[in-house]
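So the structure is just underneath, and the comments pick up after that.
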Amino acid sequence: MRTERIVRFHFRSLGASRARRRVVVVGAGPVGLTLAIDLRLKGIDVTLVDEDDTVSTGSRAICWAKRSLEIFDRLGVAEPIVARGITWNTGRVFHRDRQVYEFNLQAEAGHAFPAFVNLQQYHVEEALVERAMAVGVEILWKHRLAGLDLREQPTLAIETPDGACTIEADWVLACDGAKSQVRRLMGLDFKGQVFEDRFLIADVHMEADFPTERWFWFDPPFHPGGSALLHRQADDIWRIDLQLGRDADPAEERRPERVIQRLRAMLGPDRAFELDWVSVYTFQCRRLDRFRHDRVVFLGDAAHQVSPFGARGGNSGIQDADNLAWKLALVLKGEAPERLLDSYDAERGPAADENILNSTRSTDFITPKTEASRRFRDAALSLAGDHAFARSLINSGRLSVASVYAGSPLNTADVDVFSGGPRAGSAATDAPDGKIWLLPRLGGSGFTLLRFGPGLDGPVRTVEAPADGIAAARYDACAGTAYLIRPDQHVAARWRQPSRAGIEAALARATGRTA
């Protein structure tokens, strides 16, 4: 087993037994770091506390979707992640010893980011920590949350190497993962489904000439009766997942000798490799009833959990942070009423339900529980090689895409006819705009009116794009078309020929000032 690379950060004491902070983020994983950076860039002072002083061990989350990369780009951290990561758009599905079909997640040209970049979570966390420190986030390592008093205002009891201290906060944002201490201290529990199937994760260091693609096998010859997944990562690390079954002994399956035996069957007897990290896991598809509890808000795995199939866990958490940051910033600046934060539940709750549904369906297809469902799966796999209709029935993990907040109370419904383009609640679409990209010009610290060709200037910052070309086609735009874009780059409203009164009404609705 290779020696785990550990990066440690400097412990700094608060220097006081009692301190006050405006916003405290609990948990310095990808979600907490993303949220803290976003708030700080919007002018909000943020304190981030974490019980550890290292980045995560093992690769854990590895697949960062296009929407997450766009969010990272807005926060100024996409470049090192993309530069170090492995870019891929293509996947292949195999049944036993034959390829069933392949797919391209981004066949269309003219996008700044690929469908996915694979990069170990610890590398992503390092890039986020560096950015957080650069923008002025206060990070308190080795500060373990031991108690939480919510009787008057959130008060956190913290244990540190220098002793105990207390932090009074206006807001507590819980990003502390699946075993959330905040959730435990508040006595909150998940509702949903627990799966008993066990899977092996192995991070393997090897030099291999396999294509940079996602390969998924059903019932492969090297692992009969199970499934297998192969992904390339940075630093010649390969992620291999093997389905073990619900009766597998986790301790036995984690033994290096046992893992190597399984990998030899998959990779061949002559392949040179070293184990980098091994874990045996089960998973849950569950969520809290509510993500906001007055001045405490839950994000990421602290709020909802899904299976790893489809890369929906880490990416949905990044979208949680993207959704909450601009709303909380407006509230703290006095530019929006506190009820705007209720829309976090209204938008991210259905997004979690969608992720849970997709994850549950993936799991049921990969691990059929009845003979009838197994026969259906095998029939779909047998037909898919020659019949396109059967490919839509195969589910090896519906891969993460940007959530659409179709039922959001912040949306303004179309009054004009559109045959395409992102509707209200959708993430804005990127496109080449001359020598630059369109998306980085949208959102950020405030609302943006995206206008195609000359026309009305709104009560917010206006960005003009050509009324023809790729951007206009992707937005179903003609001269005069305009989109109101939220700070998180989601569409709030759109018009063929907007009026100032219409824009102001949509802006009031999108900031929670009117229903």
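The values are calculated or read from the model by the stated rules, or taken from the named source; none is laboratory data. Bear in mind the structure is a predicted one, so any value in this text is a computation, not a measurement. A quick note on method: Cβ atoms are made from the backbone with ideal geometry, for glycine too, and the neighbour counts reach across all protein chains shown.
Structure values in brief
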quantity	calculated
Restricting the stretch 31-80 to residues that are hydroxyl-bearing (Ser, Thr, Tyr) and under 12 Å from the mean Cα position of the chain (by Cα), the residue that is nearest to Ser180 (Cα to Cα)	Thr34
Close pairs (6 angstrom Cβ cut-off, 6 or more residues apart or separate chains): outside the structural domain of Ala482 (by TED's automatic domain parsing) in the stretch 419-436, of a type in the set (D, E, K, R) and in a loop (DSSP other than H, G, I, E, B) anywhere	Ser419/Asp476; Gly420/Asp476; Gly421/Asp476
Answer residue from the stretch 469-498, given it is of a type in the set (Gly, Ala, Ser) and over 30 Å from the mean Cα position of the chain (by Cα) and is nearest to Leu328 (Cα to Cα) among those	Gly480
Segments classed as strands (runs of 3 or more DSSP E), wholly inside the stretch 97-194, with at least 2 members that are over 23 Å from Asp322 (Cβ atoms)	98-104, 144-149, 155-160, 163-174
Qualifying residue in the stretch 356-376 (condition: crowded, with 19+ Cβ neighbours inside 10 Å, of a type outside the set (S, T, N, Q) and in contact with a Ser or Thr (Cβ under 7 Å, 6 or more places away or on another chain))	yes
Residues that are under 14 Å from Leu35 (Cα atoms) and buried (at least 20 other Cβ atoms within 10 Å of the Cβ), drawn from the stretch 128-143	Leu128, Val129, Arg131, Ala132, Val137, Ile139
Of residues in the stretch 305-334 being among the β-branched types (Val, Ile, Thr) and surrounded by 24 or more Cβ atoms within 10 Å (Cβ to Cβ), the one farthest from Ala28 (Cα to Cα)	Val306
Meets criteria (of a type in the set (Asp, Glu), touching a residue at least 12 places away in the same chain (Cβ under 8 Å) and part of a helix (DSSP H, G or I)) for Asp276	no
Top-ranked residue in the stretch 103-127 [being without any contact (Cβ under 8 Å) to a residue 60 or more places away in the chain and buried (at least 18 other Cβ atoms within 10 Å of the Cβ); ranked as farthest from Ile86 (Cα to Cα)]	Ala127
Every pair of residues 6+ apart whose Cβ atoms lie under 8 Å, when the first sits in the stretch 309-322 and is in contact (Cβ under 8 Å) with a residue 60 or more places away in the chain and over 8 Å from Arg67 (Cβ atoms) while the second is assigned to a loop (DSSP other than H, G, I, E, B) and among the hydroxyl-bearing types (Ser, Thr, Tyr)	Phe309/Ser396; Gly310/Ser400; Ala311/Ser400; Arg312/Ser400; Ser316/Ser400; Ser316/Ser403
Residue that is farthest from Leu410 (Cα to Cα), among those in the stretch 433-458 that are touching a strand residue (DSSP E or B) at 6+ places or on another chain (Cβ under 8 Å) and surrounded by fewer than 15 Cβ atoms within 10 Å (Cβ to Cβ)	Pro454
Answer from Asp203, Asp197, Asp247 - the residue that is assigned to a strand (DSSP E or B), over 16 Å from Ala61 (Cα atoms) and out of contact with any Leu (no Cβ under 6 Å at 6 or more places or on another chain)	Asp197
Selected residue (only one of Ile470, Ile503 is surrounded by 18 or more Cβ atoms within 10 Å (Cβ to Cβ) and touching a Leu at 6+ places or on another chain (Cβ under 8 Å))	Ile503
Evaluation of Asp149 against (1) farther than 18 Å from Arg12 by Cβ; (2) in contact (Cβ under 8 Å) with a residue 40 or more places away in the chain (one fails), failing number	(2)
Residue under evaluation Val172, criteria (1) buried (at least 20 other Cβ atoms within 10 Å of the Cβ); (2) more than 26 Å from the chain's Cα centre (by Cα), criterion not met	(2)
Any helices (runs of 4 or more DSSP H) falling wholly within the stretch 303-394 and containing at least 2 residues that are under 24 Å from Ala174 (Cα atoms) and either touching a helix residue (DSSP H, G or I) at 6+ places or on another chain (Cβ under 8 Å) or of a type in the set (Asp, Glu) (or both)	313-332, 342-366
Single unsatisfied condition, Arg391 versus (1) within 30 Å of Leu242 (Cβ to Cβ); (2) under 23 Å from the mean Cα position of the chain (by Cα); (3) touching a residue at least 60 places away in the same chain (Cβ under 8 Å)	(2)
Test: Gly58 is assigned to a loop (DSSP other than H, G, I, E, B) and either within 27 Å of Ile167 (Cβ to Cβ) or touching a strand residue (DSSP E or B) at 6+ places or on another chain (Cβ under 7 Å) (or both)	yes
Checklist (1) touching an Asp or Glu at 6+ places or on another chain (Cβ under 6 Å); (2) modelled with pLDDT of 95 or more; (3) more than 30 Å from Leu14 (Cβ to Cβ); (4) surrounded by 14 or more Cβ atoms within 10 Å (Cβ to Cβ) applied to Pro220, failing item	(1)
Odd one out for Ser426, checked against (1) at pLDDT below 95; (2) crowded, with 16+ Cβ neighbours inside 10 Å	(1)
Out of Gln243, Gln193, Gln153, sole residue that is surrounded by fewer than 20 Cβ atoms within 10 Å (Cβ to Cβ) and either among the aromatic types (Phe, Trp, Tyr) or under 30 Å from Ser382 (Cβ atoms) (or both)	Gln193
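Let's see how each residue does on (1) of a type in the set (Asp, Glu); (2) over 22 Å from Ser499 (Cβ atoms); (3) surrounded by fewer than 18 Cβ atoms within 10 Å (Cβ to Cβ):
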| residue | (1), (2), (3) |
| --- | --- |
| Ala388 | no, yes, yes |
| Arg391 | no, yes, yes |
| Leu399 | no, yes, no |
| Pro422 | no, no, no |
| Ala431 | no, yes, no |
